[in-house]
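**Student:** This structure is in structure tokens; I'll ask about it shortly.
The values are calculated or read from the model by the stated rules, or taken from the named source; none is laboratory data. From a predicted model like this one, the values you see are computed outputs, not experimental measurements. For neighbour counting, all protein chains shown are included, and Cβ atoms are generated from backbone atoms with ideal geometry for every residue, glycine included.
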Amino acid sequence: MSKSESPVPGNNRKAIALQRWRILRQALKGSSSSETCTSDVSVRRFAGYGLLKTEKLSITPEGSVWYKYSAPNHPGFSMSVRHLPGTIDASTLLGFNNTGNVCVWPAEEVMTDYCMKNSEQFRDCSVCELGGGMTCLAGLALAIVSKATSILLSDGNEESVQNLNVILDYEENQSKFGNTDVSSRLIRWGSDTKHEDLEVKFDFVLCADCLFFDEGRDDLADLISDILKPGGTAILFAPRRGSTFQAFRDIAQKQFQIDVKEMYSLEVWDLHCKMKSTDSGLYDENIHFPLLMTLKKPS
């Protein structure tokens with residue numbers, strides 16, 4: 001996930017980091033730890049979804065872990081993905097938002113499955129994933145299964161983008177991209193950021209769980225509008241997280257035609273209902289169940 005912020009003095013930066021950590025810790029309620037979220041805490045902590053499966057391949061000397069991702073609903077599909085090491089605390093969040101380096105969030109898992117099931121709509125199209133964190137799973141999967149012309153993977157955190165570069169350079173992944181041009185770069189949104197070379201360039205924009213911080217929503221809506229072609233579509237997955245989903249919808253409706261769906265996949269809906277009915281205390285639809293918001297830019 002990504003957002004931009006102006007440079008601030010050290011003491012203020014520490015205060016901002018502590019505030020972000022308190023917010024993130026609230027959002028992570030129900031996890032096994034209230035203070036840390038390791039890089040191994042991924043979509044697998046919600047085993048009931050089961051949309052993506054992982055197999056550990058190797059560990060680098062620096063502690064990064066390579067996984068083979070597969071999808072039970074898509075026989076024969078696989079991709080190699082590197083997860084960054086470490087844990088998150090207040091100091092980790094200093095500077096640009098680093099939450100995309102922490103976990104693969106449920107919204108990214110669901111968006112990946114959705115895009116793979118609907119891969120035909122991306123044929124001969126240009127696609128950009130915004131705020132995809134350290135893995136950009138949906139964009140990477142589309143690079144393998146779709147016939148898109150080009151796919152740009154992005155995040156606003158330098159460490160995430162460096163990891164994306166490593167993933168794209170991995171020979172086994174490159175061999176599966178076919179004629180699709182796949183690249184990665186740093187993209188942040190905010191009044192002090194410029195992306196003239198990306199304006200009206202994309203047929204589709206993908207974005208998972210990037211509605212988290214209040215001050216980034218207006219800028220995110222503006223960026224999506226700027227980089228989409230007329231008639232282009234943005235596909236966003238995010239949980240309600242209190243009023244955050246609705247707050248972005250209120251902003252986006254000024255520029256886009258909006259459609260919101262809860263039942264975008266019968267499989268996901270059934271799993272969601274089953275987990276709601278299970279009194280385990282681990283599942284909270286407010287923070288775990290992603291809604292689908294589609295933004296259509298006027299032609």
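**Student:** Mind listing whichever residues of segment 173-196 are over 13 Å from residue 130 (Cα atoms) and either at pLDDT 95 or above or among the hydrophobic types (A, V, I, L, M, F, W, C) (or both)?
**Tutor:** Matches in segment 173-196: 173, 174, 175, 176, 177, 178, 179, 180, 181, 182.
**Student:** Kindly establish whether residue 160 is within 22 Å of residue 66 (Cβ to Cβ), within 18 Å of the chain's Cα centre (by Cα) and at pLDDT below 95.
**Tutor:** Taking the combined requirement at face value, the residue satisfies it.
**Student:** Taking the residues in segment 163-189 that are under 18 Å from the mean Cα position of the chain (by Cα) and in a strand (DSSP E or B) as candidates, determine which candidate is farthest from residue 84 (Cα to Cα).
**Tutor:** The residue in question is 182.
**Student:** Right, next: Of (1) surrounded by 12 or more Cβ atoms within 10 Å (Cβ to Cβ); (2) within 21 Å of residue 109 (Cβ to Cβ), residue 297 satisfies all except one. Which?
**Tutor:** With (1) surrounded by 12 or more Cβ atoms within 10 Å (Cβ to Cβ); (2) within 21 Å of residue 109 (Cβ to Cβ) applied to residue 297, the lone miss is (2).
Residue-wise test of (1) in a helix (DSSP H, G or I); (2) under 20 Å from residue 132 (Cβ atoms); (3) of a type in the set (Asp, Glu).
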position	(1), (2), (3)
211	no, yes, no
226	yes, yes, yes
241	no, yes, no
287	yes, yes, no
293	no, yes, no
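**Student:** How many residues does segment 268-286 hold that are loosely packed, with under 14 Cβ neighbours inside 10 Å and touching a helix residue (DSSP H, G or I) at 6+ places or on another chain (Cβ under 8 Å)?
**Tutor:** 1
**Student:** Hey, another quick one. Is it true that residue 135 is touching a residue at least 40 places away in the same chain (Cβ under 8 Å) and assigned to a helix (DSSP H, G or I)? Before the answer, list the steps.
**Tutor:** Details: touching a residue at least 40 places away in the same chain (Cβ under 8 Å): yes; assigned to a helix (DSSP H, G or I): no.
Spelling it out, it is not the case that residue 135 is touching a residue at least 40 places away in the same chain (Cβ under 8 Å) and assigned to a helix (DSSP H, G or I).
**Student:** Are there any pairs, at least 6 apart or on different chains, whose C-beta atoms fall under 6 Å, with the first in segment 284-295 and within 14 Å of residue 243 (Cβ to Cβ) and the second part of a helix (DSSP H, G or I), and if so, which?
**Tutor:** Correct list of pairs: 287/27.
**Student:** Continuing with this model, one more query. Need the failing condition index for residue 198 against (1) under 17 Å from residue 299 (Cα atoms); (2) surrounded by fewer than 22 Cβ atoms within 10 Å (Cβ to Cβ); (3) of a type in the set (A, V, I, L, M), just the number.
**Tutor:** (1)
**Student:** Which of the residues that make up segment 86-123 are of a type outside the set (S, T, N, Q), assigned to a loop (DSSP other than H, G, I, E, B) and at pLDDT 50 or above? Even if it seems obvious, please write down each step before you answer.
**Tutor:** Initial filter on segment 86-123 (of a type outside the set (S, T, N, Q)): 86, 88-90, 93-96, 100, 102-111, 113-117, 120, 122-123.
From what is left, the residues that are assigned to a loop (DSSP other than H, G, I, E, B) are 86, 88-89, 94-96, 102-105, 123.
86, 103, 104, 105, 123 - these are the residues of segment 86-123 that are of a type outside the set (S, T, N, Q), assigned to a loop (DSSP other than H, G, I, E, B) and at pLDDT 50 or above.
**Student:** Follow-up question, since we're still on this one. Please state which one of 192, 203, 219 is in a loop (DSSP other than H, G, I, E, B) and either among the hydroxyl-bearing types (Ser, Thr, Tyr) or touching a residue at least 40 places away in the same chain (Cβ under 8 Å) (or both).
**Tutor:** 192
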